[in-house]
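Reviewing the structure listed below.
The values are calculated or read from the model by the stated rules, or taken from the named source; none is laboratory data. Keep in mind that what you see is a predicted model, and the values were worked out from it rather than measured. Here the Cβ is made from the backbone with ideal geometry for all residues, glycine too, and neighbour counts use every protein chain on show.
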Amino acid sequence: MRFAILTGSFYPEPGGLSTFLHYFLPEAQAAGHDVALVTFGEPLPEDAARGYPVTRISRSAGFLRRIVRYVRSARRIARRADTVFVMGFAVLLIPLLGRTPRRIVMKIVGDWSWEMARRRGLTTLGQVEFQTARHALPLRILRAYYLWCVRRADRIITPSQHLARVITGWGVPAERVQVIYNAVPESDLHTVDRAALRAKLGLPASGRLLVSVARLTPIKGVHTAIEALAYLPADVALVVVGEGPQQAELERSAPQGRVLFVGAQTHDRVLEYMRAANVYVLSSVIEGLSHTLLEALSVGTPSVASAVGGNPEVIRDGVDGLLVPHSDPKALAAAVQRILDDAPLAEHLAAAAYQRSRAFNWDDEVRQALAVLTTAG
């Protein structure tokens, strides 16, 4: 079959959807399917070696111009496709494709209207409260358009039971929504010596390190991880991997000498930072089902995560990680301290984390996703 992939971002740009597609599309090809992809971003020489066409629409053009270019490219590959697989910002462009393709499958990993409202300062509500609140007229219009686009899908893939409940609350019939948990390919990085990785990465050999990997926006809650340092011993430092619009603000708020911002990194390097840490910290306000949390588990690093969204579907509190309330730096610090002070607990959580990550099997995700893409409609 022929799949047209429409997405807002693609590897090597960070994010769960980018990572998923980077690994999934070669699997789809190996199963005998043809794929073509349209995304935003600057053209990259390595795209020619992927074995399938990748069209990147430059973000340097004005908004309307790049939307027109994106839609033109999307129409071209959609006309030849059996299934159009849509995710991210591209969901909003589905009505512009003209003639409805044979099948539309969407991968929904969050509430785009809520995320946009938070970024624009249009709401301070959490995602759950946002679903039933009454909003100002501009936000109601934006949200109505987004939900109308989502309802056009023949099938929707979503990575957690939490999000499945949210989506059916939008009026999408439950039989059109399928939960397919995110997964990560198996790695042997959990066996690599932490000290060796710290030396390779130029990190301090002594002291205790926390790592957070996130786009630097308020929703990701990195400010909570930074604030938690005030409640932890002075030898505990935080490495922040990622970039984003909140970076300057976070750098100003960080205690001197205790937070290292290393910017965006390659996927392999991100995993190395995770493995080099004593504790992985995920302090998001909301998560659909976090790829980075699964990756931290897969490299055998004890994790502390906010008890929001799909995180409790990944970590069983006290079994293979610790869960804390979101936006609570004291609770986050207490959980981190518990791991740092209890070597047997840290060893148990590290081993249990790796075992837990195997429950989110990559082959299962590929098989289930291909089944939806080939039978939707």
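Scanning the stretch 7-51 for residues that are more than 13 Å from the chain's Cα centre (by Cα) and among the polar types (S, T, N, Q) yields THR7, GLN29, THR39.
Taking the stretch 368-377 on its own, how many of its residues are surrounded by fewer than 16 Cβ atoms within 10 Å (Cβ to Cβ), touching an Asp or Glu at 6+ places or on another chain (Cβ under 9 Å) and farther than 13 Å from ILE104 by Cα?
Going through the stretch 368-377, the residues surrounded by fewer than 16 Cβ atoms within 10 Å (Cβ to Cβ) turn out to be 371, 375, 377.
If we keep only those that are touching an Asp or Glu at 6+ places or on another chain (Cβ under 9 Å) too, we end up with 377.
Adding the requirement that they be farther than 13 Å from ILE104 by Cα leaves none.
Total meeting the criteria: 0.
Is it the case that ALA205 is in the same structural domain as HIS326 (by TED's automatic domain parsing), surrounded by fewer than 18 Cβ atoms within 10 Å (Cβ to Cβ), part of a loop (DSSP other than H, G, I, E, B) and free of Cβ contacts under 8 Å to residues at least 24 places away in the same chain? When the stated conditions are applied, ALA205 passes them.
Just to be sure, is ALA343 closer than 26 Å to TYR181 by Cβ and of a type in the set (A, V, I, L, M)? So ALA343 does not fit the description; no.
Being more than 15 Å from LEU332 (Cβ to Cβ) and of a type in the set (Gly, Ala, Ser) is the filter; apply it to the stretch 274-295 and report the residue that is nearest to the chain's Cα centre (by Cα). Residue satisfying both the conditions and the ranking: SER290. The requirement of being of a type outside the set (Phe, Trp, Tyr) and in contact with a Lys or Arg (Cβ under 6 Å, 6 or more places away or on another chain) is fulfilled somewhere in the stretch 110-121, by at least one residue.
In the stretch 149-160, which residues are more than 18 Å from THR374 (Cβ to Cβ) and in contact (Cβ under 8 Å) with a residue 40 or more places away in the chain? I'd like the intermediate steps shown before the answer.
Of the stretch 149-160, the ones more than 18 Å from THR374 (Cβ to Cβ) are 149-152, 158-160.
Across the stretch 149-160, the qualifying residues are CYS149, VAL150, ARG152, THR158, PRO159, SER160.
Where helices (runs of 4 or more DSSP H) fall wholly inside the stretch 242-358, the ranges with 1 or more residues that are touching a Leu at 6+ places or on another chain (Cβ under 7 Å), among the aromatic types (Phe, Trp, Tyr) and surrounded by 24 or more Cβ atoms within 10 Å (Cβ to Cβ) are 267-276.
Looking only at the stretch 63-82, which residues are under 23 Å from PRO12 (Cα atoms) and without any contact (Cβ under 8 Å) to a residue 40 or more places away in the chain? Of everything in the stretch 63-82, those that are under 23 Å from PRO12 (Cα atoms) and without any contact (Cβ under 8 Å) to a residue 40 or more places away in the chain turn out to be PHE63, ARG66, ILE67, ARG69, TYR70, VAL71, SER73.
Taking the condition polar (S, T, N, Q), surrounded by 14 or more Cβ atoms within 10 Å (Cβ to Cβ) and not assigned by TED's automatic domain parsing to the domain that holds GLY263, does SER9 pass? So SER9 fits the description; yes. Taken over the stretch 83-99, the criterion of being surrounded by fewer than 21 Cβ atoms within 10 Å (Cβ to Cβ) and in contact (Cβ under 8 Å) with a residue 24 or more places away in the chain is satisfied by PHE89, LEU92, LEU93, PRO95, LEU96, LEU97. Residue count for the stretch 9-44 under the criterion of being outside any helix (DSSP H, G or I), at pLDDT below 95 and not hydroxyl-bearing (Ser, Thr, Tyr): the result is 9. In the stretch 168-190, the qualifying residues are those that are modelled with pLDDT of 95 or more and among the aliphatic types (A, V, I, L, M), and the one that is surrounded by the fewest Cβ atoms within 10 Å (Cβ to Cβ) is ALA174. In the condition set (1) out of contact with any strand residue (DSSP E or B) (no Cβ under 6 Å at 6 or more places or on another chain); (2) within 29 Å of GLU243 (Cα to Cα); (3) surrounded by 13 or more Cβ atoms within 10 Å (Cβ to Cβ), CYS149 is compliant with all but (2).
Inclusion of ASP328 among residues that are without any contact (Cβ under 8 Å) to a residue 40 or more places away in the chain and out of contact with any Asp or Glu (no Cβ under 9 Å at 6 or more places or on another chain) is not warranted.
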